[in-house]
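Structure first, then comments.
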Amino acid sequence: MQVQQFFTGTNYADLTNDVAINAGLVPQAFMKDEGLKNAWGGDVTLTGDASSGTFSIELTNIPQSECTQLARFQGDAWEGIEVNGAPVDSDDVASIATSCGETNSITYTAR
């Protein structure tokens, strides 16, 4: 997704799934009739936070077998990563593995 190039500065306040879709920022593979979906049929939700100048990408329905890998994905590129609502350090594999359950949500936050 090209969100950072589309929004000027760090004002992501108006970022929503609909805005991202209409602006052509979402890869076709994520677009389904019922909204944005990931490879496991879970929701993909984009939100902006004007007060912190960040935006988040939340993925739901992540299976345990994929959770640790996704939580570690490009850890240094994100402002923060949460697994099931709890912040995790992408370098702490043991902590991530403990945070991952049978079905998970992962939220990436960027500036």
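The values are calculated or read from the model by the stated rules, or taken from the named source; none is laboratory data. Note that this is a predicted model, so its numbers are computed, not measured. Positions of Cβ are generated from backbone atoms using ideal geometry, with glycine treated the same way; all protein chains shown enter the neighbour counts.
So the values come out like this:
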item	result
Residue match in the stretch 36-57 (condition: touching a Cys at 6+ places or on another chain (Cβ under 8 Å), surrounded by 14 or more Cβ atoms within 10 Å (Cβ to Cβ) and either outside any loop (DSSP other than H, G, I, E, B) or basic (Lys, Arg) (or both))	no
Residue selected from the stretch 78-111 under the condition of a type in the set (S, T, N, Q) and part of a helix (DSSP H, G or I), by the criterion nearest to residue 45 (Cα to Cα)	99
Single residue of 7, 30 found to be among the aromatic types (Phe, Trp, Tyr), over 16 Å from the mean Cα position of the chain (by Cα) and modelled with pLDDT under 95	7
Subset of the stretch 58-77 [outside any helix (DSSP H, G or I) and at pLDDT below 95]	73, 74
One residue from 94, 86, 50 being without any contact (Cβ under 8 Å) to a residue 12 or more places away in the chain and of a type outside the set (Val, Ile, Thr)	94
